[in-house]
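Take a look at the structure set out below.
FYI, it's all coordinate maths here, none of it is from the lab. Source: prediction; values computed, not measured. Glycine gets a Cβ as well: all are built from the backbone with ideal geometry, and neighbour counts include every protein chain shown.
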Amino acid sequence: MTRVIESARFDIAAYLGERRRMVDDRLATCLPPESAYPGIIHRAMRYSLFAGGKRIRPVLALATAEALDGDLDRVLPLACALELIHTYSLIHDDLPAMDDDDYRRGQPTCHTKFGEGIAILAGNGLLTLAFRLLSEPSEGEGHTDRIRLRVIHHLCRAIGTSEGVIAGQVADLTTQGKTFTAEELRYIHSAKTGSLIEASVSCAGILCDADPAELERLGRFGLTVGLAFQIVDDILDETGSPEELGKTLGKDRREGKATYPALYGLEKSRAESVKLIEEAVELLKPFGPPARPLAEVARFISVRRF
Ligand code: GRG
């Protein structure tokens with residue numbers, strides 16, 4: 001596997017492109033082919049998975065392995081599982097019963113293309129496949145069952161109903177159209193988005209034998225970056241380009257969602273996201289030069305336009 005060589009300039013676009021291809025190549029082999037019976041579910045799963053996401057969570061996992069001088073093959077199944085779980089969450093988030101969106105990643109949403117029943121099952125299929133991948137040994141990764149179990153446990157907590165993705169989504173749904181406090185807003189964003197980003201970094205740390213102090217730092221880094229990621233998502237919903245983002249914009253404000261711009265305005269929200277990324281990058285200092293890609297991915301998150 002190639003390693004990024006330290007230099008004054010870091011080509012983040014090239015780095016993201018290379019890592020994205022690595023993840024996509026592996027993902028393509030994980031999913032049953034479209035022809036596998038019953039074909040419609042596999043077509044729907046592949047349709048959403050390969051609709052063009054940024055692969056930020058897998059890239060964060062791979063960059064964490066680099067920060068720990070770990071072999072990328074050791075975290076590639078985790079990287080794929082993270083993207084499967086993330087795509088599942090997007091399919092369900094877009095359903096009429098949730099955000100009711102027609103476009104995602106520049107294409108009609110899964111339920112718009114395949115119908116609600118198949119979209120629900122495609123999401124279920126991606127989630128199930130993620131845990132199958134995490135639980136089965138694969139070539140070159142060399143983990144013990146104990147380590148695999150630790151990762152699965154961490155991930156289950158991160159997406160669960162107490163402070164995980166489901167908790168955040170419930171709080172997001174039940175807050176819609178109501179007044180909300182700064183504390184509630186931070187909870188929603190940290191749980192709905194921050195926890196899976198935190199798990200991307202922490203689970204890669206577990207797989208690469210990070211010690212407890214390193215894991216604690218990586219966890220704080222992940223949560224901080226995750227909160228910043230959702231603040232930027234809120235900002236882009238008000239200021240971004242529909243072509244670059246590939247979805248309907250302005251819905252958060254129209255539907256009374258709990259967002260940073262709604263509570264603090266755009267300028268303060270931008271300043272907060274920049275501050276959080278600076279804090280996160282600072283946390284990587286003890287990891288030295290190998291953490292450069294991880295720091296650059298974090299910086300990309302605060303300036304991204306899509
Ligand atoms: C148990 C994982 C799980 C989900 C069930 C439906 C649901 C509960 C949660 C939805 C959570 C959600 C959609 C949060 C928003 C996260 C977010 C900022 C998505 C956009 O991520 P990007 O920009 O998208 O990385 P791409 O398309 O680039 O992958």
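Listed values, structure above:
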read-out: Reciprocal of mean inverse Cα separation for the chain (Kirkwood radius, Å); value: 19.5
read-out: P(r), alpha carbons of the stretch 15-72 - 5 Å bins starting at zero, rounded %; value: 4, 17, 24, 20, 13, 11, 7, 3, 1
read-out: Charged-residue dipole, Cβ positions (Lys, Arg, Asp, Glu), the stretch 74-204 about Cα centre, Debye nearest 20; value: 380
read-out: Point-to-point label distance, LYS251-GLU163, nm (Cα→Cβ direction, 7 Å offset); value: 2.9
read-out: Length-normalised contact order of the chain in % [C-alpha pairs under 8 Å, at least 6 apart]; value: 20
read-out: Proxy reagent accessibility, fewest Cβ within 10 Å first, across GLU183, GLU66; value: GLU183, GLU66
read-out: Electrostatic dipole magnitude of the chain [Cβ: Lys, Arg +1; Asp, Glu -1; Cα centre; debye, to 20]; value: 220
read-out: At R0 = 45 Å, FRET efficiency that the Cβ-Cβ distance of PHE306 and ASP145 yields, to 0.05; value: 0.70
read-out: 5 angstrom amide H check on ARG104, placed H, neighbours 5+ away; value: THR109
read-out: Theoretical FRET efficiency, 1/(1+(r/R0)^6), r = Cβ-Cβ of ILE152 and GLU183, R0 35 Å, to 0.05; value: 0.70
read-out: Fewest-first ranking of MET98, MET22, MET45, using other Cβ atoms within 10 Å as the exposure measure; value: MET98, MET22, MET45
read-out: Whole-angstrom gap from the stretch 137-205 to the stretch 23-85, using each part's C-alpha centre; value: 18
read-out: Gain upon complete extension [GLU279, ALA13; 0.36 nm per residue less C-alpha separation]; value: 93.5 nm
read-out: Descending semi-axes in whole angstrom, ellipsoid equivalent of the stretch 154-306, from the Cα gyration tensor; value: 27, 18, 13
read-out: Highest-fluctuation residue, PHE221, PHE114, PHE229 considered, GNM on the chain with Cα pairs under 10 Å; value: PHE114
read-out: ³J(HN,Hα) computed for each position of the stretch 104-109 - Karplus, 6.51 cos²θ - 1.76 cosθ + 1.60, integer Hz, glycine/proline x; value: 8, 6, x, 9, x, 5
read-out: Most positive-pole-ward Cα, ILE56, ALA67, LEU90, against dipole of the stretch 53-105 from beta carbon charges; value: ALA67
read-out: Over 19 Å between alpha carbons, listed pairs LYS54/LYS257; LYS192/LYS257; LYS178/LYS257; LYS178/LYS251; LYS247/LYS275; value: LYS54/LYS257; LYS247/LYS275
read-out: Computed Kirkwood radius, in angstrom, where 1/r is averaged over Cα pairs of the stretch 96-177; value: 15.3
read-out: Rg to Rh quotient for the stretch 39-78, alpha carbon positions, Kirkwood Rh; value: 1.16
read-out: Ranking of VAL232, VAL274, VAL303 by count of other Cβ atoms within 10 Å, fewest first; value: VAL303, VAL274, VAL232
read-out: Size of electric dipole in the stretch 158-219: Cβ of Lys, Arg +1 and of Asp, Glu -1, about Cα centre, debye, nearest 20; value: 340
read-out: Linear extension gain, ARG132 paired with SER35, 0.36 nm per residue minus alpha-carbon span; value: 32.9 nm
read-out: Rg(Cα) / (2.2 N^0.38 Å) computed for the stretch 123-167, rounded to two decimals; value: 1.27
read-out: Residue-averaged 222 nm ellipticity for the chain, from DSSP H runs of 4+ at -39500 (n - 2.57), nearest 500; value: -21000 deg cm²/dmol
